[in-house]
Amino acid sequence: QVHLVESGGGLVQAGGSLRLSCAASGSIFSINLMGWYRQAPGNQRELVARIISGGSTNYAESVKGRFTISRDNAKNTVYLQMNSLKPEDTAVYYCNAEIRVYSWNTYASYWGQGTQVTVSS
């Protein structure tokens, strides 16, 4: 089994910063892609940022220049540094990872339980 555990969400004023963390644990052979998605009430889940094992990244247009994704491969952990937060960033943020476990020879997608980020105006 694989578990993704997020932390770092909370309430912050507009213009403030938060740092999200997501640690993957379990029978992990390798991790390809790790990323963050978010879902606001009434909206579909959307990609925020993702990073592949080699370090290449891509971001949603709405967060470019404000958010930075990074990962620590030794710790199987991905981070999302969020600066200059806006009320429209308010959502539940979900960690996602493509992981190959020891008992399989293919990658599967795993999700964390989500962490709430609320930005007040």
Taking segment 1-103 and dividing mean pair separation by its residue count, relative contact order in percent (alpha carbons under 8 Å, at least six apart) = 37
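What shape does the chain take by its C-alpha gyration tensor, where a ≥ b ≥ c are the square roots of the eigenvalues and a/c under 1.5 counts as rounded, a/b above b/c as prolate, and the rest as oblate?
Cα axes put the chain in the prolate bin.
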query = Dipole of the chain, Cα-centred, from +1 at each Lys and Arg C-beta and -1 at each Asp and Glu C-beta, to the nearest 20 debye?
reply = 140
For the chain: accessible area per residue (Å², 1.4 Å) = 53
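Carbon and sulfur atoms: what percent of the 1.4 Å accessible area of segment 1-106 do they account for?
46
The values are calculated or read from the model by the stated rules, or taken from the named source; none is laboratory data. As the structure is a computational prediction, the values presented were derived from the model and not from experiment. In this analysis, Cβ positions are derived from the backbone assuming ideal geometry, glycine residues included, and neighbour counts consider all displayed protein chains. Each accessible area value is taken on the protein alone, full model and side chains, heavy atoms only, with ligands, DNA and RNA left out. Shrake-Rupley method; radii C 1.70, N 1.55, O 1.52, S 1.80 Å.
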